Structure formats: structure tokens, C-alpha cells
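Inspection log for the structure reproduced underneath, given as C-alpha cells.
The values are calculated or read from the model by the stated rules, or taken from the named source; none is laboratory data. All figures in this text were calculated on a predicted structure; none of them were measured in a lab. Glycine gets a Cβ as well: all are built from the backbone with ideal geometry, and neighbour counts include every protein chain shown. The accessibility values were calculated without ligands, DNA or RNA, using every heavy atom of the protein model including side chains. Shrake-Rupley method; radii C 1.70, N 1.55, O 1.52, S 1.80 Å.
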Amino acid sequence: MRRLSATATGLLVAGLAVFGCASMSGGGWTTLVDGSKGLENFNPIGEANWRAEGGAIVADKGKGGYLVSKSSYKDFQIKAEFWADTTTNSGIFIRCTDPAKIGAVTCYEVNIYDQRPEPEYGTGAIVNFAKVAPMPKAGGKWNTYEITAKGSQLTVVLNGVQTVNIQNGKMAQGPFALQFGNGPKDAPGGAIKWRKVQIKTL
């Protein structure tokens, strides 16, 4: 049996330490959430009870929080499978300019919020940048988001239907974040479950 040299072994261990449990899939995709695995690939901020449960990464209590990716991305595609309650306030925030202050001002917020008071920026929209009409609903079922950012071109596809196709260059690069939030007037928000999250650089 051929043995690894000490140098090769050291490089292998270092590589595993850097990439954690993120795994490479076919076609250049990196899987950051796969069922109940993946919390270690994000930095949690805010107050949310993120945990692995029932084959997904779940949050359903707290004042609101985010899972922020440990890497920064410029041009990329994200595929995410999620389950939302009818009262869920969540989203995928991309190209965040300040990973300590996630929000619709510092990131592009691809929304998951069926009960948003301004429905034109609810589920399927990019808050403050791209409206939807009518707003699609995500509550009570499993859904798939496909988000592409390449240069100033931003597209969003929810369950196979394109909801956003715009040009905007305000935010050029940054980590992305998964949200658990509350409803209007801090009413408790419904659960969000992430079953799979993958990213591919372009």
C-alpha cells in the first residue's frame, strides 16, 4: 500500500480544515447545506435558534438572525431548496457589503415573505430593486430558488418561473446570507427550513 508523504498528509488536513464540510458536486457546484449538514459553513449573527432537524437546517424562534457564508462571491449561481410557513419572513441576501450588518440596504434581498405589507416586494422580488406582480406564494410547501448574479445582471427563478431579470450594479461582491425574521410589528415569524443550498462561481 502506498503511503502519503508527511507533506501530502499535511496539505490534505489543511484543505479539510479550510473547506469544512462543504462538498464539491458535479458541474462546479459547491454544496453548503445538504439535509441536516452545513451549519459549520456559515457564521450566525443575530438571534435565531438555528439547528439541524428533520433533514434540514431550521429556525423558528428568536428576534431575527442570519446564517452568513464564510466566503465572498462576485459572479455566481445559487440553488436553494426551502420550506416556508405562510407567516415566514425569510430570504437570501446576496453580495452583502457588510457581513456584520445584513439587510436590504447592504445586500440584494431575494425575499421569502408571503405576508409582506407591500406585496410587490414580497416573495420572488428583490426588495427595493425588483417588484413582482402578482406575488407568488411559497408558504406551506417546499420551493426552489435559482439566483444568478453575473456583473450587473440579476435573475431570480422561483419554482421554475422567472420573477426577476434586472440590471443593477450597486453591490458587486460579498457573502450571502440565509434569514430567519419576524413579521410586522415584531409578530413571531413562521419557520424556515433549508434542505439544500448550493453555489457555483461563474
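Data table
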{"read-out": "Selection within the range 77-98 - part of a loop (DSSP other than H, G, I, E, B) and surrounded by fewer than 20 Cβ atoms within 10 Å (Cβ to Cβ)", "value": "ASP85, THR86, THR87, THR97, ASP98"}
{"read-out": "Segments classed as strands (runs of 3 or more DSSP E), wholly inside the range 131-200, with at least 1 members that are open to solvent by 30 Å² or more (accessible area, probe 1.4 Å)", "value": "141-150, 153-158, 161-167"}
{"read-out": "Sole exception among (1) at pLDDT below 95; (2) farther than 23 Å from PRO99 by Cβ for ASN182, by number", "value": "(2)"}
{"read-out": "Residue list for the range 101-115, filter: within 17 Å of TRP83 (Cα to Cα) and either open to solvent by less than 50 Å² (accessible area, probe 1.4 Å) or under 15 Å from the mean Cα position of the chain (by Cα) (or both)", "value": "VAL110, ASN111, ILE112, TYR113, ASP114"}
{"read-out": "Matching residues in the range 22-45 - criterion: being assigned to a strand (DSSP E or B), under 17 Å from the mean Cα position of the chain (by Cα) and without any contact (Cβ under 8 Å) to a residue 40 or more places away in the chain", "value": "SER23, LYS37, PRO44"}
{"read-out": "In the range 116-130, the residues that are open to solvent by less than 10 Å² (accessible area, probe 1.4 Å), more than 15 Å from VAL157 (Cβ to Cβ) and touching a Lys or Arg at 6+ places or on another chain (Cβ under 6 Å)", "value": "GLY122"}
{"read-out": "Given (1) modelled with pLDDT of 75 or more; (2) of a type in the set (Ser, Thr, Tyr); (3) open to solvent by 90 Å² or more (accessible area, probe 1.4 Å), number of the condition SER36 does not satisfy", "value": "(3)"}
{"read-out": "Yes/no for GLY65 being open to solvent by less than 40 Å² (accessible area, probe 1.4 Å), assigned to a strand (DSSP E or B), of a type outside the set (A, V, I, L, M) and at pLDDT 95 or above", "value": "yes"}
{"read-out": "Any hit, the range 78-88, residues being of a type in the set (Asp, Glu), more than 13 Å from the chain's Cα centre (by Cα) and farther than 24 Å from LYS37 by Cα", "value": "no"}
{"read-out": "Extreme residue, surrounded by the most Cβ atoms within 10 Å (Cβ to Cβ), among residues of the range 3-33 that are polar (S, T, N, Q) and modelled with pLDDT of 95 or more", "value": "THR31"}
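Yes/no matrix, rows are residues, columns are (1) on the phi < 0 side of the Ramachandran plot; (2) aliphatic (A, V, I, L, M):
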site	(1), (2)
SER71	yes, no
ASP85	yes, no
PRO99	yes, no
TYR108	yes, no
GLY122	yes, no
ALA125	yes, yes
ASN128	no, no
LYS150	yes, no
THR163	yes, no
